[in-house]
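Enquirer: Below you'll find the structure I mean.
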Amino acid sequence: MLGSSFAHNIAVSSLFPNDRVGMNEPVSIGFLAPLTGPVSSWGLPGLNGCQLWAEWLNRAGGILIGGRRYPLRIVSYDCGYDPERAMEGARHLVLTEQVRLLMMLGGDTFTPLRSFLTRNRVLTSTLLPSDLSPDTRYLIAPSEVHPVFNVTGVEWLAENEPQRRRVAMCSQKDALGLPSTATYRAAFETANLPVVKDILYDPQQTDVAAIVDPMLAERPDVLCWCTSYTPMVHAMTEYAYSAGFKGRILSCTLDHYQRVVERTSQDFMEGTIFQFPDFDDPKLARKAFFFNRPSEFFKEYNARYPGSWSAVSWEFVAILEIWHAAVEKVASVSPVSVLTTMKQMEPVTHAFGPARWWGEQMFGINNALIGDWPVVRIEEGRARIAEFRSVPDWLDRHEPRLRDHMKRLGQLWQQRIETGASPASLLARDAMI
């Protein structure tokens, strides 16, 4: 474990390139993501959160590197989820702006950049762990490892509501839906919950009845939307309500859940389980957490960018927090030095507390962070954390079974390389008004 004393930090930093900036020169972070167009809901809330975080840091004096403080600036480039524009943006941010960290959504926009970023040793982050492979040495997924954390919701449900046995599940056939389906299948299997209906639908599917009616026909106790996109989660939940469903709803995400409560009823939504909390949740204040003031961040974000809060709003900020801790530890902004320090910090702290690097069996490289993850329930119309559960503990017991289900759907890194498969284009994650 690395020590925390100033003297130790200086000693460690001498082992790495002394890549410091001038006294008044800011440290630049690149934000390469869709900021306009139909997929902007994957990028713009994240940029908003990063800008707010950077303001807070700069008001506190900036980033501390070797006893000196420097301002931080976020340099954004709108790629519109277009691979060619992403390549242009990466060249600009890396070669012209000389960013020290490149934050990306990933997926289709990362694939053409792989060689360029590796060749230039650009420390890059992604929100899609499926981008990871043995040849992406400088690519990390430190914010969330979708969809593995979803096992915590299933495990909590099985232990706390044992009367709910029969599960009907569905998700779309794309880069989010397929690994999510594999994960939920493994989680239900290990929890001894029978899946009575399992539907994979086309990402462009809009006929909600064609998906939900066959699920309801099996008289399930639980309807699981896996990682369906927010518009479909809303539409399917409202359809289940209108059809008189009385069981439990389980979903990876439930962005803008207040709209669903308004369009159904508080009673119907009571107990709905998903995985992303509001940041004013009382249990976050008592957790080892990457924000000193999560409630204040949540409040200021919503005041400045009303109606736009989602998981994306904090996921990129979580990456910045991890990078920031490593930079101040090693007293350098050299990407190689920072990555080395990240991997040596034991434990590194991710969004919800201590975590460890993982992923070799799934992605071919241990560049993803796993730790505790919250199980979130709707209680009296509000999202509230029911419990934090350990993803590493679940994997220690069940990783071979998860790997088996991933293999069946062609989601292991070896399979993606062999088939030349690339992630399918993402759809808007924002809800329909």
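Enquirer: When only residues in the range 31-53 that are more than 18 Å from the chain's Cα centre (by Cα) and touching a residue at least 60 places away in the same chain (Cβ under 8 Å) count, which is most open to solvent (accessible area, probe 1.4 Å)?
Expert: Only one residue tops the list, namely Pro38.
Enquirer: Take the residues in the range 348-379 that are closer than 21 Å to Lys283 by Cα and open to solvent by 30 Å² or more (accessible area, probe 1.4 Å), then tell me which one is farthest from the chain's Cα centre (by Cα).
Expert: Result: Glu379.
Enquirer: Another one. Exactly one of these conditions fails for Glu159: (1) open to solvent by 10 Å² or more (accessible area, probe 1.4 Å); (2) within 23 Å of the chain's Cα centre (by Cα). Give me its number.
Expert: With respect to (1) open to solvent by 10 Å² or more (accessible area, probe 1.4 Å); (2) within 23 Å of the chain's Cα centre (by Cα), Glu159 is out only on (2).
Enquirer: Another question about this same structure. Can you confirm whether Asp267 is surrounded by fewer than 20 Cβ atoms within 10 Å (Cβ to Cβ), acidic (Asp, Glu) and not in a loop (DSSP other than H, G, I, E, B)?
Expert: When the stated conditions are applied, Asp267 passes them.
Enquirer: For the range 68-84, how many residues meet the condition of being closer than 22 Å to Ser41 by Cβ and open to solvent by 90 Å² or more (accessible area, probe 1.4 Å)?
Expert: 1
Enquirer: For the range 311-345, how many residues are out of contact with any His (no Cβ under 7 Å at 6 or more places or on another chain), assigned to a helix (DSSP H, G or I), small (Gly, Ala, Ser) and over 17 Å from Gly62 (Cβ atoms)?
Expert: The total comes to 2.
Enquirer: To continue, here is another question. Here are some conditions: (1) open to solvent by less than 10 Å² (accessible area, probe 1.4 Å); (2) in contact with a Gly (Cβ under 9 Å, 6 or more places away or on another chain). Asp135 meets all but one. Which one does it not meet?
Expert: Evaluating Asp135 over (1) open to solvent by less than 10 Å² (accessible area, probe 1.4 Å); (2) in contact with a Gly (Cβ under 9 Å, 6 or more places away or on another chain) leaves (1) as the failure.
Enquirer: How many residues does the range 104-121 contain that are open to solvent by less than 10 Å² (accessible area, probe 1.4 Å) and not in a helix (DSSP H, G or I)?
Expert: Selection size over the range 104-121: 4.
The values are calculated or read from the model by the stated rules, or taken from the named source; none is laboratory data. Given the structure is predicted, the values throughout are model-derived calculations rather than measurements. Heads up, the Cβs are rebuilt from the backbone with ideal geometry, glycines too, and the neighbour counts pull from every protein chain shown. The area values use the complete protein model at the heavy-atom level, side chains included, leaving out ligands, DNA and RNA. Shrake-Rupley method; radii C 1.70, N 1.55, O 1.52, S 1.80 Å.
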